[in-house]
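Following: one structure in C-alpha cells, then a few remarks.
Readers should treat all values here as calculations from the given coordinates under stated rules, not as data from a laboratory. Values in this document were obtained by computation on a predicted structure and should not be read as measured data. Cβ placement follows ideal geometry from the backbone for every residue including glycine, while neighbour counts extend to all protein chains displayed.
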C-alpha cells in the first residue's frame, strides 16, 4: 500500500484546487436578427359630392312673328379626392330624341356644334358654356320671352356621343355653368315642352 506523507498530500490538494480554478462555466453570446414589414393601403378615387339643377326653368314665351327667346342656366359642381381630377360630360338622356317635346310637337335641337355654335332660329333650342370650345366669352344671361340673343348655341349631343364640358387636374371642388335656351315664333304650337339631359362625372 502506498503511503503519502504530509508534504505529498499537500501537493495533491493544491493541484486539485488549481484544476477547479481553470474550469469556467460556459457563457453564450446573444444572436439578433431583424426584418422589415411594409404596411400598404390603397385609397381609391371617388366623387365626394356633386350637384346640378335638377330643373332648369325657361319660363313662358309669348311669341310674335319675329320670335322670342328664353334662357336659363344650370351649375354642375363636383368634388373629388382624385389627384388627377375629374371630367364632366353632357348628353341627351334619350338615345333617340334630342328635341324638346310636347305631345307630338317639337322644338328641335340647334344645328350648331360646340366647335361651330350658331344663334338660335325659331323652333330651335340649344346649350352653351361660356368660353368653352367655340362658344366665346358670353356672358350668358337669364332672359325670358325676350328679343332673340346674339349668343351662339349648340345642339345637345346624342346619348351615345357625350360632350366634355369640364375637366380638372387636381383634388377639390369645381363647377361649370351650362346655359340652355329656346326660341320660337307664333307658328309654334302651344304646349309645355321639355327634355332631359344627363351629366356624367368621372374621376380621371
**OP:** Would you compute, for the Cα atoms of region 100-204, the largest minus smallest coordinate along each principal axis and list the three values in descending order, in whole Å?
**Re:** 49, 28, 22
Original post:
Can you tell which of 84, 133, 28 shows the greatest fluctuation in a Gaussian network model of the chain with Cα springs below 10 Å?
Top reply: 28
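Work out, step by step, the length gained on full extension between residue 94 and residue 50: first 0.36 nm times the residue separation, then minus their alpha carbon distance; give nm to one decimal.
Details: separation 44, 0.36 × 44 = 15.84 nm, distance 2.19 nm.
Between residue 94 and residue 50, full extension yields an extra 13.6 nm.
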Original post:
Once all Cα-Cα distances of the chain are split into 10 Å bins that start at 0, what whole-number percent is in each one?
Top reply: 8, 25, 22, 10, 5, 3, 3, 3, 3, 3, 4, 4, 4, 3, 1, 0
**OP:** Would you mind calculating the relative contact order of region 62-128 from Cα pairs under 8 angstrom and at least 6 residues apart, reporting the percent as a whole number?
**Re:** 19
Original post:
What is the mean projected area of the alpha carbon convex hull for region 30-78, to one decimal in square nanometres?
Top reply: 6.0
**OP:** Please give the helix 6-22 orientation as an angle from the longest Cα principal axis of the chain, in degrees from 0 to 90, rounded to the nearest 10.
**Re:** 10
Original post:
Which value in deg cm²/dmol, rounded to the nearest 500, describes the helix-derived mean residue ellipticity at 222 nm for the chain, given -39,500 (n - 2.57) per DSSP H run of n ≥ 4 and division by the residue count?
Top reply: -3000 deg cm²/dmol
Original post:
How much length is gained if the chain between residue 202 and residue 113 is pulled fully straight, taking 0.36 nm per residue apart and subtracting their Cα-Cα distance, in nm to one decimal?
Top reply: 29.8 nm
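Give me the number: length gained by fully extending residue 105 to residue 43, i.e. 0.36 nm times residue separation minus the C-alpha to C-alpha distance, one decimal in nm.
Contour length minus the Cα-Cα distance gives 17.3 nm.
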Subject >> Peptides ranked, highest mean first, by Cβ atoms within 10 Å: ranges 40-52, 156-168 >> reply: 156-168, 40-52
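State the antiparallel share, in %, of DSSP beta bridges confined to the chain, rounding to the nearest 5. Spell out each step's value before the answer.
Working: 41 of 43 bridges.
So the antiparallel bridges in the chain amount to around 95 percent.
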Original post:
Which peptide among 66-72, 99-105 comes first, and what is the full order, when sorted by highest mean count of other Cβ atoms within 10 Å?
Top reply: 66-72, 99-105
**OP:** Rounded to whole Å and sorted largest first, list the principal axis extents of the Cα atoms in region 71-123.
**Re:** 46, 26, 22
